[in-house]
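The numbers here are math on the coordinates, done by the rules we state, and not lab data. Everything numeric here is computed off the predicted structure, so don't read it as measured data. Cβ: placed from backbone, ideal geometry, glycine included. Neighbour counts: every protein chain shown.
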Amino acid sequence: MKHINSYFRRVKLLALDVDGVLTDGSIIYDDKGRELKSFNVYDGLGIFILSRMGINTVLISAKKSSILERRAKDMRVKEVIGGILPKRKVINYLMEKYKVKKEEVCFIGDDLIDLGIMREVGIPVAVKNASLPVKREALYVTQNKGGEGAVREVVELILKAKNLWKKTVKEIDSFLSK
């Protein structure tokens with residue numbers, strides 16, 4: 001098998017599941033029945049940085065969520081596709097819209113409903129606490145759990161593989177203040 005850097009080097013689009021990847025998988029309801037989610041700030045900054053470096057991120061969720069829309073806006077996510085199952089139905093749409101090939105798409109998932117799309121992309125990734133079938137489908141399993149920096153880990157791998165990490169670190173203050 002090729003070294004994992006050769007896969008991450010070709011990423012032009014990062015697609016993410018949400019619950020269990022950007023969150024720890026918990027869904028909290030308040031006493032009024034409103035749904036609450038907790039997002040990791042390191043993942044968020046990673047996604048923001050990735051977009052600044054010219055790589056788009058798309059969130060793909062089985063559920064529609066106003067919370068997710070708000071968080072996506074904060075992170076400068078290019079698009080949120082909610083209420084979609086099976087998720088693999090969006091791969092042709094994504095390739096056409098973002099002008100990428102399957103092998104240039106990285107998808108990070110954690111559970112069984114992610115298997116279909118993981119089989120359709122060039123770089124399937126599973127978070128550390130993903131279900132076993134998802135880990136088996138992945139080219140890479142993160143060292144961090146979903147909602148605990150797994151996305152940031154992948155973002156750094158992508159930027160390092162593209163030789164953009166040192167530039168990112170050097171320019172972080174200037175492009176965050178714009």
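Which one of LEU132, LEU157, GLY146 has its Cα pushed farthest toward the positive end of the charge dipole of the chain, where Lys and Arg give +1 and Asp and Glu give -1 at the Cβ?
Towards the positive end, the residue furthest out is LEU157.
Please compute the length gained on full extension between ASN163 and SER6, using 0.36 nm multiplied by the number of residues separating them and subtracting their Cα-Cα distance. It would help to have the intermediate numbers written out before the result.
Details: separation 157, 0.36 × 157 = 56.52 nm, distance 1.18 nm.
Additional length available on full extension: 55.3 nm.
To make sure I understand the rule: partners must be aspartates and glutamates, Cα under 14 Å from the Cα of LYS64, and not fewer than 8 residues away in the same chain. Which ones qualify?
Candidates past the 8-residue exclusion: ASP17, ASP19, GLU35, GLU79.
Which FRET efficiency, nearest 0.05, do LYS64 and ARG119 yield, Cβ-Cβ r, R0 35 Å?
Efficiency for this residue pair is about 0.90.
For THR23, which sequence-distant residues (separation of 5 or more, or a different chain) have an amide H within less than 5 Å of its own amide H, given hydrogens modelled in the peptide plane?
The answer is GLY147.
Measure off 7 Å from each Cα along the Cα-to-Cβ vector at ASP74 and GLU103, then give the distance between these two points in nanometres to one decimal.
3.8
Could you work out the local net charge near ASN92, counting Lys and Arg as +1, Asp and Glu as -1, over the other residues with Cβ closer than 12 Å to its Cβ?
Result for the local shell: +3.
Checking understanding here: applying a Kyte-Doolittle mean of at least 0.0 and a length along the axis of at least 30 Å (C-alpha), which whole DSSP H helices in the chain pass? Don't skip to the end; give the middle numbers.
Numbers: long enough: none.
Span-like helices, by this rule, are absent here.
Could you sort the peptides 111-117, 135-141, 3-9 by per-residue average Cβ neighbour count (10 Å cutoff), highest mean leading?
Working: 111-117: 19.4, 135-141: 16.7, 3-9: 14.9.
Sorting 111-117, 135-141, 3-9 by mean packing, highest first, produces 111-117, 135-141, 3-9.
Compute, for the stretch 80-178, the length of the dipole vector about the Cα centre, with Cβ point charges of +1 (Lys, Arg) and -1 (Asp, Glu) only. Units Debye, rounded to 20.
Details: 19 positive and 13 negative charges, 53 e Å.
Magnitude of the dipole: close to 260 debye.
What ranking do VAL21, VAL134 get, fewest neighbouring Cβ atoms within 10 angstrom at the top? Numbers along the way, then the final one.
On the way: VAL21 31, VAL134 25.
Going from least to most buried by this count: VAL134, VAL21.
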